[in-house]
1. When you check residue 22 against the structure, is it more than 30 Å from residue 132 (Cβ to Cβ), without any contact (Cβ under 8 Å) to a residue 24 or more places away in the chain and assigned to a loop (DSSP other than H, G, I, E, B), yes or no?
2. Can you confirm whether residue 35 is free of Cβ contacts under 8 Å to residues at least 40 places away in the same chain, under 30 Å from residue 117 (Cβ atoms) and surrounded by 13 or more Cβ atoms within 10 Å (Cβ to Cβ)?
3. Report whether or not residue 80 is in a strand (DSSP E or B), modelled with pLDDT under 90 and either touching a His at 6+ places or on another chain (Cβ under 7 Å) or not assigned by TED's automatic domain parsing to the domain that holds residue 126 (or both).
4. Can you tell me which residue is surrounded by the fewest Cβ atoms within 10 Å (Cβ to Cβ) among those in segment 156-172 that are of a type in the set (S, T, N, Q) and assigned to a loop (DSSP other than H, G, I, E, B)?
5. Which of the residues belonging to segment 149-172 are under 25 Å from residue 74 (Cβ atoms) and more than 28 Å from the chain's Cα centre (by Cα)?
6. How many residues are in a loop (DSSP other than H, G, I, E, B) and in contact with a Phe, Trp or Tyr (Cβ under 7 Å, 6 or more places away or on another chain) if we restrict to segment 25-64?
7. Since residue 85 meets every condition but one in (1) surrounded by 12 or more Cβ atoms within 10 Å (Cβ to Cβ); (2) more than 26 Å from residue 25 (Cβ to Cβ), which condition does it not meet?
Amino acid sequence: MLVMYFGMEEFASGVAVNRKVSLVARTLSDLTSQSSSVVDADLASFGQTAKAIMTPYDPSILVSSITEVYVDPTTHVARVQWSKASTFNSSGNVVLGTSSHSPSDIITIPAALAVRNDPGDFTNNAAKESAKRTAGRLTAASTLIADLVNTGKVKIVAAIYDLQTGVVTYLD
């Protein structure tokens with residue numbers, strides 16, 4: 001019975017930490033996106049906010065990265081404008097560093113964001129974009145499929161199936 005109690009206590013702590021980390025992610029995003037410009041002092045302040053949210057848990061488990069991305073409205077290509085990582089040192093102070101994203105890196109954005117301003121039905125546009133992306137990723141996911149495509153034995157074509165009509169529409 002005692003083992004079960006401690007097991008439940010550990011489980012409850014894990015759930016609490018998970019919720020706090022999710023709240024930290026939302027808070028960092030909200031604070032950053034509400035500012036017209038962000039400097040290192042702002043990021044350090046945001047890190048202190050994250051530390052306060054994590055209380056009573058150890059903030060040293062937090063490793064965050066805040067990245068500004070610009071999406072070209074015509075090509076839907078998303079590029080990193082700037083990116084900073086933050087951690088906490090043993091004294092609990094925010095330490096800003098280099099993140100894994102460099103300026104001009106291309107970032108994949110969700111299909112729905114890529115088509116949000118396109119003319120026509122939003123849901124259909126998002127489904128078509130998602131189908132095209134999935135078809136494009138198949139060769140990267142499997143060397144077997146990639147070999148078959150490269151030798152011309154298989155062709156991958158994106159398509160949409162309409163549930164109401166039963167019609168399959170092949171996409172370019």
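1. Against the criterion (more than 30 Å from residue 132 (Cβ to Cβ), without any contact (Cβ under 8 Å) to a residue 24 or more places away in the chain and assigned to a loop (DSSP other than H, G, I, E, B)), residue 22 does not qualify.
2. So residue 35 fails the test.
3. no
4. Across segment 156-172, the extreme among qualifying residues is 164.
5. If the condition is that a residue be under 25 Å from residue 74 (Cβ atoms) and more than 28 Å from the chain's Cα centre (by Cα), then 169, 170 are the ones that fit.
6. Summing the residues that are in a loop (DSSP other than H, G, I, E, B) and in contact with a Phe, Trp or Tyr (Cβ under 7 Å, 6 or more places away or on another chain) in segment 25-64 gives 1.
7. (2)
Residue-by-condition table, conditions (1) under 23 Å from residue 23 (Cα atoms); (2) more than 22 Å from the chain's Cα centre (by Cα):
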position: 61; (1), (2): yes, no
position: 69; (1), (2): yes, no
position: 72; (1), (2): no, no
position: 83; (1), (2): yes, no
position: 95; (1), (2): yes, yes
position: 106; (1), (2): no, no
position: 109; (1), (2): yes, no
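The values are calculated or read from the model by the stated rules, or taken from the named source; none is laboratory data. This structure is a prediction, so every number in the text was calculated from the model and none was measured. In this analysis, Cβ positions are derived from the backbone assuming ideal geometry, glycine residues included, and neighbour counts consider all displayed protein chains.
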